[in-house]
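**Student:** After the structure tokens below, expect a handful of questions from me.
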Amino acid sequence: MSHPMLLVIGSGPRPMRGYLLEQTAAHYPLLLINDEPLTWQNPYVVDHEVADLSDPIAVNTAAAYLAVRWPIAGVLTWDEYHLTTAARLAHSLGGRPGNTLAAVAAARDKATSRQRFAAADVPSAASTWVHSLDAAASAAERVGYPAVLKPAAHAGSIGVIRVDTITDLPAAWAIASAGATHQGPDGQGVLVEEYLDGPEVSVETVTHRGVTSTVAVTRKSVGFAPYFLETAHSVSAVDPLLLKVAPVAASALEALGITHGVSHTELRLTQDGPKVIEVNARQGGDLIGELVRLATGISLPMAAAALACGEIPNLRPTRQRSAAIGMIYPPAEGIITRRDLRPGSDRHLEHFQWLCDVGDTATLTPSSTTPNNIRAGFAVVSGDSAHDAQQHLAEVLARADVQVTPAVSRAA
């Protein structure tokens with residue numbers, strides 16, 4: 001083994017996170033602490049321990065067992081909820097490379113993030129931390145409607161909802177506060193924020209010793225209002241937005257004290273310029289890292305692994321293309337009776353995955369704790385240009401056939 005041993009905290013689900021483990025394992029021998037026994041992960045890891053990932057003591061114990069058996073050069077996670085655990089572990093293993101716990105905690109807690117942004121003049125949304133419906137009503141009146149409610153430390157749009165009028169506030173509060181009960185120790189309560197209007201993008205960056213390089217801009221489609229569910233993403237190696245949004249993302253990272261690693265910073269392109277929604281001090285979800293690789297040739301999983309082991313990441317682009325991912329949704333609520341990809345050209349199709357089976361219950365109502373439960377599948381395509389990639393994606397999604405038998409309601 002020519003590369004140092006890398007300890008990964010949590011593999012995540014295979015459909016959206018498997019590529020991270022696969023690409024990293026191609027160059028680094030991996031140790032894994034996971035919250036359940038390994039199945040698909042087995043070919044990619046040298047050794048592992050099973051532990052409750054929400055329990056830092058259990059994770060530290062598992063890491064100690066692995067450290068006795070193997071020399072650990074670095075610690076890495078791509079899961080939002082394990083960032084603080086990984087930061088503590090990197091420090092306890094003898095000062096392995098990583099961000100300070102204070103920096104990671106500031107990124108995890110959106111209330112702290114907003115305070116840091118305001119202090120550093122980073123453009124962001126006006127925000128108030130609240131703990132009750134009455135406080136939320138007062139805060140929403142101050143920022144004005146529409147407003148946004150969100151848990152302080154969640155991810156994946158969990159509990160995030162737009163509120164257009166005070167009449168809508170009680171129902172929105174129920175959703176946001178329900179999401180907040182599951183967000184863990186990194187943040188508490190709910191934020192009431194100014195609604196930022198405009199297209200949403202994310203900036204994929206790599207920071208080495210405090211110097212941030214912008215690798216790509218991801219353009220997003222958001223749907224299912226009043227929720228903010230991401231329905232599609234696209235990356236182009238040549239995107240004119242790069243020069244406009246890169247300085248804002250870098251300033252947000254600096255304000256939080258992020259000096260290390262791959263980050264995913266979400267912004268809205270408002271009439272007043274780009275404004276930061278949030279900073280995630282880890283890989284972006286929804287296969288965004290794979291879109292970056294397909295478009296530019298740069299592997300963000302490899303960059304994160306190199307940084308975790310104290311190495312200089314390779315950020316040299318090897319291609320100039322575009323890539324996109326689109327989510328598939330059921331046409332109605334009920335029982336799924338068929339899911340099929342009709343015949344057609346797969347020349348530009350990089351990956352296709354169903355997330356449902358025949359017999360599953362389809363819903364179009366996002367859960368307050370798992371809002372992406374409504375997805376039926378997804379497709380990843382590539383193209384020579386952003387326009388080509390979007391066209392190829394539309395063609396594939398049009399071939400995806402999901403049929404549903406409406407659920408029969410029984411009278412009480």
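**Student:** Can you work out which of the residues in region 325-364 that are outside any loop (DSSP other than H, G, I, E, B) and among the small types (Gly, Ala, Ser) is surrounded by the most Cβ atoms within 10 Å (Cβ to Cβ)?
**Tutor:** ALA362
**Student:** When GLY273 is evaluated against the numbered criteria (1) farther than 24 Å from HIS27 by Cβ; (2) surrounded by 23 or more Cβ atoms within 10 Å (Cβ to Cβ); (3) small (Gly, Ala, Ser), which criterion, by number, is the only one it fails?
**Tutor:** It fails just one condition, (2).
**Student:** I'm checking my understanding of the structure. Among residues of region 45-61 that are part of a helix (DSSP H, G or I) and surrounded by fewer than 22 Cβ atoms within 10 Å (Cβ to Cβ), which one is farthest from the chain's Cα centre (by Cα)?
**Tutor:** In this case the residue turns out to be THR61.
**Student:** Condition test on LYS244, is it within 19 Å of the chain's Cα centre (by Cα) and charged (D, E, K, R)?
**Tutor:** When the stated conditions are applied, LYS244 does not pass them.
**Student:** Whether any residue in region 311-323 is acidic (Asp, Glu), closer than 23 Å to GLU230 by Cα and not assigned by TED's automatic domain parsing to the domain that holds PRO29 is what I want to check.
**Tutor:** Checking region 311-323: not a single residue is acidic (Asp, Glu), closer than 23 Å to GLU230 by Cα and not assigned by TED's automatic domain parsing to the domain that holds PRO29.
**Student:** Further question: Return the residues of region 62-77 that are in a helix (DSSP H, G or I) and closer than 25 Å to HIS260 by Cα; say none if nothing qualifies.
**Tutor:** ALA62, ALA63, ALA64, LEU66, ALA67
**Student:** If you don't mind, there's one more thing I want to ask. Of all residues in region 169-189, how many are modelled with pLDDT of 90 or more and touching a Phe, Trp or Tyr at 6+ places or on another chain (Cβ under 8 Å)?
**Tutor:** 0
**Student:** Can you find, within region 94-111, the residue that is nearest to ALA180 (Cα to Cα) among those that are in contact (Cβ under 8 Å) with a residue 24 or more places away in the chain and out of contact with any Leu (no Cβ under 7 Å at 6 or more places or on another chain)?
**Tutor:** ASP109
So that you can scan it fast, the table gives a plain yes or no per residue for (1) in a strand (DSSP E or B); (2) surrounded by fewer than 18 Cβ atoms within 10 Å (Cβ to Cβ); (3) among the β-branched types (Val, Ile, Thr); (4) at pLDDT below 95:
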| residue | (1), (2), (3), (4) |
| --- | --- |
| ARG219 | yes, no, no, no |
| SER263 | yes, no, no, no |
| LEU267 | yes, no, no, no |
| VAL279 | yes, no, yes, no |
| MET302 | no, no, no, no |
| ALA305 | no, no, no, no |
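**Student:** Would you call VAL8 outside any helix (DSSP H, G or I), among the β-branched types (Val, Ile, Thr) and in contact with a strand residue (DSSP E or B) (Cβ under 8 Å, 6 or more places away or on another chain)?
**Tutor:** Considered against the rule, which asks whether it is outside any helix (DSSP H, G or I), among the β-branched types (Val, Ile, Thr) and in contact with a strand residue (DSSP E or B) (Cβ under 8 Å, 6 or more places away or on another chain), VAL8 comes out as yes.
**Student:** Another one. Determine if region 235-258 includes at least one residue that is at pLDDT 95 or above, among the acidic types (Asp, Glu) and in a helix (DSSP H, G or I).
**Tutor:** yes
The values are calculated or read from the model by the stated rules, or taken from the named source; none is laboratory data. The structure presented is a predicted model; accordingly, all values stated were derived computationally and were not measured. Note: ideal-geometry Cβ built from the backbone for every residue, glycine included; neighbour counts use all protein chains shown.
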